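Before any comments, here is the structure.
Rule-based calculations on the coordinates, nothing more; no lab input. Computed from a prediction, not measured in an experiment: that's the story for all the values here. FYI the Cβ positions are ideal-geometry reconstructions off the backbone, even for glycines, and counts take in every protein chain you see.
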């Protein structure tokens, strides 16, 4: 079974006390039931519009506070879950992109929870959640072209030995490790703060694992909790 061992800088826990995450590793198989993702995405969008989870506002507000603590402007660069849910509220739904992406976006929307999906085969070394010094390299797309930029010193980033994989904690994913249904080795990280119940984080993880197993029945999947005692 594929193994991924993400690490978290103690300075991140100091910035966001009580931070915890579910790490899910997938040895993928061909997607045979893509409709599972579409159904999950439609369900999640309906929930936001009709009967949202009770912790949603408090959890997203907590993320905004953490973003401000490391210098990010939360209204301009919100956490990934906040950005997705604002699109749903504005447009009434979310267009399909890719079965795997749609599924983890559905979990993010439904649970007001930042969820990252990565092609772990593209990583150089293990994932690390760290504080940037400003010299790191991040690949992104501007005007249809791949360009490289650097983070602000003190910014929270996910990175590997080659560079940044996600800027401003979970705001924008890089190009190199971007995930789609063709990837054979996948890694998901579900990130929460104490304003979201731990039981809800575990349920979100279970729902993502269940959806992946339904979409690709031959996949091998493992999940584990990461917090200040285990990172």
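Side notes on the structure shown:
- With both labels modelled 7 Å from their Cα along Cα-to-Cβ, the residue 225 to residue 180 distance reads 3.6 nm.
- Gyration tensor verdict on segment 135-231 (Cα atoms; rounded if a/c is under 1.5, prolate if a/b is larger than b/c, oblate otherwise): oblate
- Helical runs (DSSP H, four residues minimum) scored at -39500 (n - 2.57) apiece and divided by the length of the chain put the mean residue ellipticity at 222 nm at -11000 deg cm²/dmol.
- Once percent of Cα pairs over 31 Å apart is calculated for the structure shown, the corresponding label among (i) 15; (ii) 27; (iii) 42 turns out to be (i).
- Annotation for segment 52-93 versus segment 197-221: alpha-carbon center distance of 23 Å.
- Rough spin-label spacing in nm, given labels placed 7 Å along Cα→Cβ, for residue 61 and residue 135: 4.1
- With both labels modelled 7 Å from their Cα along Cα-to-Cβ, the residue 50 to residue 83 distance reads 2.9 nm.
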